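Here the structure comes first, spelled out in structure tokens, and everything after it is commentary.
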Amino acid sequence: MKKVIFIFGLLFVCVPIAYYFNKPDGKKQLDIINPIDLDEDVVDPELRNKGRAHFIADFELTDQNNQQFRSKSINGRIWIVEYFFSTCKGICPIMNAEMKRVQSAYEKDINVVILSLTVDPDHDNPEVLKSYAQKHGAIKGKWFFLTGAKAKLYELARKSFFLLKPAEAKNQGDVGSDFIHTNNFVLIDQNRQIRGYYDGTNPEEVNELIEDIEILKGE
């Protein structure tokens, strides 16, 4: 009897391990992340009961060159998204130093783009964003710094990217009083679905992000 239990225990441990290392491409698999997979506190109430098939909504904003930016223009590409503001002296400089590493890793890959959306559009107009982009070595057509109506920027954070922290989410619906200050990068695949969240202040997690982009490219 003990021998049978041992064998079943061994199978229980070994089969998943064997499956992991014998996947068709031999690589880690990235889940598709939907509202149901997240802490309900960071998901807009009207989406909390949505199970699967979450896609990033279409949007139009203004980039650092004062040009209209349409999300449809980057359909079929991999996106790395963050929220920041140009006057931030805390986490944002660290995050954008890390984002420069992401840009460098995919500098010549036109199918990978970076979107930095401001949470302070009253200050971060295109002129301010252009100066900030130049300071961080943003490559034209690769790294977009985006501004627009605060309501639209915050709606995307709440209903598409789910980038609010629980404490920030308490003020959902009152755009005038809340302020998004998150350290997360979000990875969006070629189908506009969420595939991962990463701490943009943590070099190890940013290394993981870079590796996960390679996985998406191979899908």
Out of all the residues in the stretch 200-218, which are at pLDDT 95 or above, part of a helix (DSSP H, G or I), of a type outside the set (D, E, K, R) and over 26 Å from R70 (Cβ atoms)? P203, V206, N207, I210, I215
Among the residues of the stretch 88-104, which ones are more than 17 Å from Y132 (Cβ to Cβ) and in contact with an Asp or Glu (Cβ under 9 Å, 6 or more places away or on another chain)? none
In the set L153, L163, which member is within 18 Å of N96 (Cβ to Cβ) and at pLDDT 90 or above? L153
Which of the residues belonging to the stretch 123-142 are surrounded by fewer than 22 Cβ atoms within 10 Å (Cβ to Cβ) and within 13 Å of M99 (Cβ to Cβ)? Y132, K135, H136, G137, I139, K142
Residue under question is E82, and the condition is that it be acidic (D, E) and in contact (Cβ under 8 Å) with a residue 60 or more places away in the chain; does it hold? yes
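Out of the residues in the stretch 54-68 meeting the condition of being in contact (Cβ under 8 Å) with a residue 24 or more places away in the chain and outside any loop (DSSP other than H, G, I, E, B), tell me which one is farthest from F145 (Cα to Cα).
E60
The values are calculated or read from the model by the stated rules, or taken from the named source; none is laboratory data. For clarity, every value in this text was computed on a predicted model and none was experimentally measured. A quick note on method: Cβ atoms are made from the backbone with ideal geometry, for glycine too, and the neighbour counts reach across all protein chains shown.
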